[in-house]
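The values are calculated or read from the model by the stated rules, or taken from the named source; none is laboratory data. Just so we're clear, the structure is a prediction, and the values are computed from it rather than from any experiment. As a convention, Cβ positions derive from the backbone with ideal geometry for all residues, glycine included, and neighbour counts pool all protein chains shown. Surface areas here come from the heavy atoms of the whole protein model, side chains and all, with no ligands, DNA or RNA. Shrake-Rupley method; radii C 1.70, N 1.55, O 1.52, S 1.80 Å.
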Amino acid sequence: GGAIRHVAPYLQSGPDDPVLVFNGDVLSGHDIAGQVQRWRDDSADVSLYLTRVDDPRAYGLVPTDEKGRVLQFLEKPSTPEEIVTDQVNAGCYVFRRSLIDSIPTGRPVSVERETFPGLLESGAVVTGFVDDGYWLDLGTPLAFVQGSRDLVTGRAPSPALPGRTGEFLVRPGAEVADDAVLRGGTFVGAGATVGSGAVIEGSSLFDGAMVAAGAHVKDSVIGSGAIIGSGAYLDGVVVGDRAVVGPGNELVRGARVWPGVALSETSVRFSSDR
C-alpha cells in the first residue's frame, strides 16, 4: 500500500480516472481492458482481478455476491470450513485516482489487510473481476521455471515473446550441438552453450551459461555464466551466476547453488556410488 501511495505525486490523471496497479510477481493473460470497462460500468471505487484456483489454501480468499461486489477479504484458510470460495486475489487492481491519496503515509500499509477491508467498511464500491484465463504466481524459483516454460510453449501467450512458440527458444548467439536435446519449453540465452548429447528439459539457461556434453538438466534455472559439467544431472535446481557444477554431480529438486560457488567433480550425489 505504501508503494501505491508513494507514486501519487507523479500521477497526472483526474480524481475519477482509473489507475492500474500490478503485482510484479504474477504472470497473467487476463483481460485488462475488460477489467477497466467493468470498473467503469459498475461505477466502482476499486476493482480487483480475481482468479479461481483448485487449491485456495495458500491464498487469501475474496468472496463476491451475484453482482460481483466483494463481500470480505479472508486470510489463508486453515480448515475446510473456512474455504468459502475458490476466488483469490490475482494481483491487478483498478483504483479510482482520488482513493490513492487516502492511503496513509509514514508507515507500512497492506492493501490486502488494511486498505481494501477499510474501503468495505466505509461503504466504498469494491468489485471483483473474475477471469479464468492463464495466471501463475511466480513466488518461487520453480514457479519462475514454469512460467518460462509456459511462455516458450505458448500456453501463456505474450506479444513480448520473440519468434514462434514451441518446445524451445534459443536466442541469437547461443551454440547448441546438433545432437543435443531441447524440449519442454526450454529457454537458452544469448551466448549460452549446450554440448553434445546434453538433454535440457523445461529449463532456463541465462546468457553465457554452459551445459557440457552428456549433462541432463530438468526443470532448473542456470544463471549467467554458470557451468554444468559433463554427465551432471540436475532436476529442479537453481544454479547462481558464475557457479560451477562439476562433472558427475547429481543435484535433485530443491537444491540451490549460490553464485560463484564451485562443486568439484562428483562431490554431491543422491544415487548409488559409481
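See the values below:
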item	result
Region 78-125 - convex hull of alpha carbons, volume per residue in Å³	127 Å³
Whole-number D in µm²/s for region 150-236 (Stokes-Einstein; Kirkwood sum over Cα pairs; 4 °C, 1.567 mPa s)	104 µm²/s
Gaussian network model of the chain, springs between alpha carbon atoms under 10 Å - residue of T186, T85, T64 with greatest fluctuation	T85
Cα-based convex hull, region 1-101, per residue volume (Å³, whole number)	118 Å³
Neighbourhood charge, 11 Å Cβ-Cβ cut-off, centred on L251 and excluding it, Lys, Arg +1 and Asp, Glu -1	+2
Full-stretch length increase - R113, S13 - with 0.36 nm per residue and alpha-carbon distance subtracted	33.4 nm
Cα gyration tensor of the chain - equivalent ellipsoid semi-axes, whole Å, descending	44, 20, 18
For A226, net neighbour charge (Lys/Arg +1, Asp/Glu -1) across residues whose Cβ lies under 13 Å away	0
Accessible-area order (highest first, 1.4 angstrom probe) of the listed residues H216, H30, H6	H6, H216, H30
For region 136-150, 3J(HN,Hα) per residue [Karplus equation, 6.51 cos²θ - 1.76 cosθ + 1.60, θ = phi - 60°, Hz, x = Gly/Pro]	8, 7, 8, x, 10, x, 6, 5, 4, 4, 4, x, 4, 4, 5
Fraction of antiparallel bridges per DSSP, the chain only, in percent to nearest 5	35 percent
Mean Cβ neighbour count within 10 Å, used as a protection proxy, ranking 65-74, 148-157 highest first	148-157, 65-74
Residue-normalised accessible area of region 191-234, expressed per residue, 1.4 Å probe, Å²	26 Å²
Neighbourhood net charge (15 Å Cβ-Cβ; Lys/Arg +1, Asp/Glu -1) for T79	-2
By accessible area with a 1.4 Å probe, ligands and nucleic acids excluded, highest first: order of E114, E81	E81, E114
Sequence of R269, R164 when ordered by accessible area, the most exposed leading, probe 1.4 angstrom	R164, R269
Long-range HN-HN contacts of L263 with modeled amide H, under 5 Å	V244, V245, G246
Highest-MSF residue in the chain out of F116, F187, F144 [GNM, Cα springs under 10 Å]	F116
Mean Cα-pair separation over length for region 1-126, i.e. relative contact order, pairs under 8 Å, 6 or more apart, %	38 percent
Mean residue ellipticity (222 nm) of the chain, computed from DSSP H runs ≥ 4 via -39,500 (n - 2.57), nearest 500	-4000 deg cm²/dmol
Rounded Å value of the spacing that divides the Cα centres of region 173-198 and region 94-116	47 Å
Average Cα contact separation per residue, region 152-274, under 8 Å, 6 or more apart, as relative contact order %	14 percent
Whole-angstrom gap from region 1-54 to region 238-270, using each part's C-alpha centre	42 Å
Percent accessible area from carbon and sulfur atoms, the chain, protein chains only, probe 1.4 Å	51 percent
Relative contact order (%) - criterion: Cα under 8 Å, at least six apart; region: the chain	13 percent
5 angstrom amide H check on A215, placed H, neighbours 5+ away	A198, V199, G231, A232
Full-extension gain in nm, R171 to A262, via 0.36 nm per residue minus C-alpha separation	30.1 nm
